[in-house]
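One structure is given here, and the rest of the page talks about it.
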Amino acid sequence: DGGITQSPKYLFRKEGQNVTLSCEQNLNHDAMYWYRQDPGQGLRLIYYSQIVNDFQKGDIAEGYSVSREKKESFPLTVTSAQKNPTAFYLCASSDNYNEQFFGPGTRLT
Amino acid sequence: QQQVKQSPQSLIVQKGGISIINCAYENTAFDYFPWYQQFPGKGPALLIAIRPDVSEKKEGRFTISFNKSAKQFSLHIMDSQPGDSATYFCAASKPNFGNEKLTFGTGTRLTIIP
């Protein structure tokens with residue numbers, strides 16, 4: 001059963017704490033993405049990775065960090081520098097044909 | 001800067017009616033235009049997508065109309081049903097030379113009333 005999994009589903013971050021959101025895909029996709037969703041603002045790109053061991057900043061990368069050590073995994077760390085982390089975080093992956101498949105999301109407060 | 005503008009922000013349609021959501025883009029390099037459907041607490045799912053070599057694409061009750069000269073595209077939901085109540089996002093991206101990123105509109109919350 002192919003797809004994207006995100007964990008945990010809900011996460012609470014204490015002030016000054018770093019937290020890591022997990023994203024795993026078994027679709028054999030090269031590219032993976034992290035988005036932040038706030039009410040009324042749509043999806044904003046945090047980071048993306050087109051290939052293993054390489055990633056680029058998106059539109060709102062400040063206060064976040066990522067790694068891409070394996071093709072199937074793209075974890076996102078919300079650092080203590082992110083002063084307003086409360087949002088719905090979505091991970092996605094794509095192959096070479098533009099279509100992005102999304103995970104179920106993690107709600108961070 | 002917002003490269004994809006979506007309207008309306010919210011929409012209420014009676015069951016059986018036609019729901020229409022519009023998007024306009026600025027970057028003429030965009031050549032892939034998908035629509036995503038999102039239910040509360042879930043990730044978005046691809047609904048339908050179009051490339052600019054056609055002016056319309058239909059899949060069941062869902063149709064994308066594309067106007068290249070006006071740089072606009074729209075989603076039409078025919079015979080709207082309560083189960084269509086969700087948030088819809090349009091998006092756009094450039095030619096895929098390496099998994100180009102999508103630029104999303106701000107979303108439309110659609111409510112279908114009985």
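The values are calculated or read from the model by the stated rules, or taken from the named source; none is laboratory data. Since we're looking at a predicted model, the values are computed, not measured. So basically every Cβ, Gly included, is an ideal-geometry build from the backbone, and we count neighbours across all protein chains shown. Please note that ligands, DNA and RNA were not included when accessible areas were found on the heavy atoms of the full protein model with its side chains. Shrake-Rupley method; radii C 1.70, N 1.55, O 1.52, S 1.80 Å.
Is there any pair with a first residue in the stretch B:63-88 that is closer than 21 Å to B:PRO44 by Cα and in contact (Cβ under 8 Å) with a residue 40 or more places away in the chain and a second that is open to solvent by less than 10 Å² (accessible area, probe 1.4 Å) and part of a loop (DSSP other than H, G, I, E, B) whose Cβ atoms are under 8 Å apart and which are 6 or more apart or on different chains, and what are they? As it stands, the answer is B:THR87/B:GLY107; B:TYR88/B:GLY107, since those pairs meet every condition given. Evaluate the following for B:THR108: is it open to solvent by 20 Å² or more (accessible area, probe 1.4 Å) and either within 14 Å of chain A (Cβ to nearest Cβ) or under 13 Å from the mean Cα position of the chain (by Cα) (or both)? Taking the combined requirement at face value, the residue does not satisfy it. For A:PHE102, the conditions (1) among the aromatic types (Phe, Trp, Tyr); (2) touching a Leu at 6+ places or on another chain (Cβ under 6 Å); (3) open to solvent by 40 Å² or more (accessible area, probe 1.4 Å) are fulfilled apart from (3). Restricting attention to the stretch A:17-32, does a residue exist that is among the polar types (S, T, N, Q), in contact with a Gly (Cβ under 6 Å, 6 or more places away or on another chain) and at pLDDT 95 or above? Within the stretch A:17-32, one or more residues are among the polar types (S, T, N, Q), in contact with a Gly (Cβ under 6 Å, 6 or more places away or on another chain) and at pLDDT 95 or above. Among residues of the stretch B:1-14 that are within 18 Å of B:LEU75 (Cβ to Cβ) and away from chain A (no Cβ under 11 Å), those with a beta-carbon under 8 Å from a residue that is part of a loop (DSSP other than H, G, I, E, B) and modelled with pLDDT of 95 or more at least six positions away or on a different chain give the pairs B:VAL13/B:SER80; B:GLN14/B:SER80.
Of everything in the stretch A:72-109 that is out of contact with any Gly (no Cβ under 8 Å at 6 or more places or on another chain), in contact (Cβ under 8 Å) with a residue 12 or more places away in the chain and of a type in the set (Ser, Thr, Tyr), the residue that is nearest to the other protein chains (Cβ to nearest Cβ) is A:SER94. Within the stretch B:15-34, the set of residues being more than 15 Å from B:LYS94 (Cα to Cα) and within 14 Å of another protein chain (Cβ to nearest Cβ) comprises B:ILE21, B:CYS23.
Looking only at residues in the stretch B:30-62 that are over 13 Å from the mean Cα position of the chain (by Cα) and touching a residue at least 60 places away in the same chain (Cβ under 8 Å), the one that is most open to solvent (accessible area, probe 1.4 Å) is B:ASP31.
Results for (1) at pLDDT 95 or above; (2) charged (D, E, K, R); (3) within 13 Å of B:CYS23 (Cβ to Cβ), shown as yes or no for each residue.
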residue	(1), (2), (3)
B:PHE62	yes, no, no
B:PHE66	yes, no, yes
B:GLN72	yes, no, yes
B:ILE77	yes, no, no
B:ALA92	no, no, yes
B:ARG109	yes, yes, no
B:ILE112	yes, no, no
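Of the set (1) closer than 23 Å to A:GLN41 by Cβ; (2) open to solvent by less than 20 Å² (accessible area, probe 1.4 Å); (3) more than 11 Å from chain A (Cβ to nearest Cβ), all apply to B:SER85 but (2).
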